[in-house]
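Written below as structure tokens is the structure these notes are about.
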Amino acid sequence: MIACFPENGARVGITGIGVQVPDRVLTNAELEQMVETSDEWIVERSGIRERRIARDDEAASDLALPAARMALAQAGVDAADLDMIVVATSTPDMLFPSTAAIVAEQLGAKNAYAYDTLAACSGFLYGLSQAHGVVSGGVAKRALVVGSETLSKIVDWTDRSTCILFGDGAGAAVVEHVDEGGFMGFELGVDASHGSDLYLPAGGSRSPASTETVANGEHWVRMNGREVFKVATRLMVTSAADLLEACGATMDDVDLYVPHQANQRIIDHAAKNLGLPAEKVFLNIDRYGNTSAASIPLALADANAAGRLTPGTRVLMSAVGGGLTWGSAYMTWSAS
């Protein structure tokens, strides 16, 4: 799916961004004591030096709430003025009530409808596209999109192929009408033929939780790393390139590339094949690892704090995740 929006149409953009990460930092040196690995090997393979780990009693909503409050404060929006809340997560507090419903209650967003969306690492971009459609279509005036993950709770800490990659965190964005800039297009897709390359086997209706599924480790992430790398390096490029072409833009029309922080080798490959120089690529994977749906909003918040996002900055975002899902968004930054 590709959709591009005319400049004379309704302008919808991000007016506030927020972030929250757990206090606990897990370094590569600590992982060396847990599995057969080394700091050098992890950095060379992924670019990750440390990641944040949620407390045992810290759930997705606990990270989403302060991120949401920060985004609302930056946008100057009261929670009671929100019409829609979407939380993108693969690690909800529970199946129901949704994490979004819990966040809405804690925020005091009495006039908003709220739901979760599950598209793994592409979830935040899926949520942004939904918010854009609802706001530009006049169904809502203001939406809050959150990506929040506690992936450390679904990782097998004896499996070095996965436990070195993932971390916890949350990011949030307020989406509403803007006078200048805003979203110029989205490209989204899914290819379920690769679903078994990155998945969580048990816990759903296909394989409900049981003593057997727990004993077999079926509630931990399973990944075919080589296949995911091969597909991700292709889709990160084609999704972004197809979107820009559809919007009548080129890589010269991109000021900042904010990719999903899955693996630095994937990001480097995508940037090279897209023709984007290193100075246009934003990275924070070394500090957070792969935080799935929280990855892009965490990167946006860090880029904003670093002064890399100012009104008028043309931003390209891309992600590939379990499903396998993918997505890209192209926008002109509106928040100050």
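The values are calculated or read from the model by the stated rules, or taken from the named source; none is laboratory data. Because the structure is a prediction, the values reported are computed rather than measured. Cβ coordinates were reconstructed from backbone atoms using ideal geometry, including for glycine residues, and neighbour counts include every protein chain displayed. Just so you know, the surface numbers come from the protein's heavy atoms only, side chains and all, with ligands and any DNA or RNA stripped out. Shrake-Rupley method; radii C 1.70, N 1.55, O 1.52, S 1.80 Å.
All of G225, G248, G195 fail the test of being touching a residue at least 60 places away in the same chain (Cβ under 8 Å) and on the phi > 0 side of the Ramachandran plot, apart from G248.
Are any of the residues in the range 232-244 open to solvent by 70 Å² or more (accessible area, probe 1.4 Å), under 19 Å from S328 (Cα atoms), touching a residue at least 40 places away in the same chain (Cβ under 8 Å) and not charged (D, E, K, R)? No, the range 232-244 has no match at all. Just to be sure before I move on: is A112 free of Cβ contacts under 8 Å to residues at least 60 places away in the same chain and among the aliphatic types (A, V, I, L, M) in the structure I sent? When the stated conditions are applied, A112 passes them. Checking G147, G138 one by one, the residue that is at pLDDT 95 or above and surrounded by 16 or more Cβ atoms within 10 Å (Cβ to Cβ) is G147 and no other. Take A215 and decide whether it is small (G, A, S), over 21 Å from T162 (Cβ atoms) and without any contact (Cβ under 8 Å) to a residue 60 or more places away in the chain. Considered against the rule, which asks whether it is small (G, A, S), over 21 Å from T162 (Cβ atoms) and without any contact (Cβ under 8 Å) to a residue 60 or more places away in the chain, A215 comes out as no. Here the range 293-336 is the region considered, the condition is being open to solvent by less than 10 Å² (accessible area, probe 1.4 Å) and assigned to a loop (DSSP other than H, G, I, E, B), and the residue that is nearest to G123 (Cα to Cα) is L324. Quick one: which residue in R52, R45, R24 is within 30 Å of T158 (Cβ to Cβ) and touching a Pro at 6+ places or on another chain (Cβ under 6 Å)? Result: R52 is the single residue among R52, R45, R24 that is within 30 Å of T158 (Cβ to Cβ) and touching a Pro at 6+ places or on another chain (Cβ under 6 Å).
Here the range 246-269 is the region considered, the condition is being among the charged types (D, E, K, R) and within 15 Å of F183 (Cα to Cα), and the residue that is surrounded by the fewest Cβ atoms within 10 Å (Cβ to Cβ) is D253.
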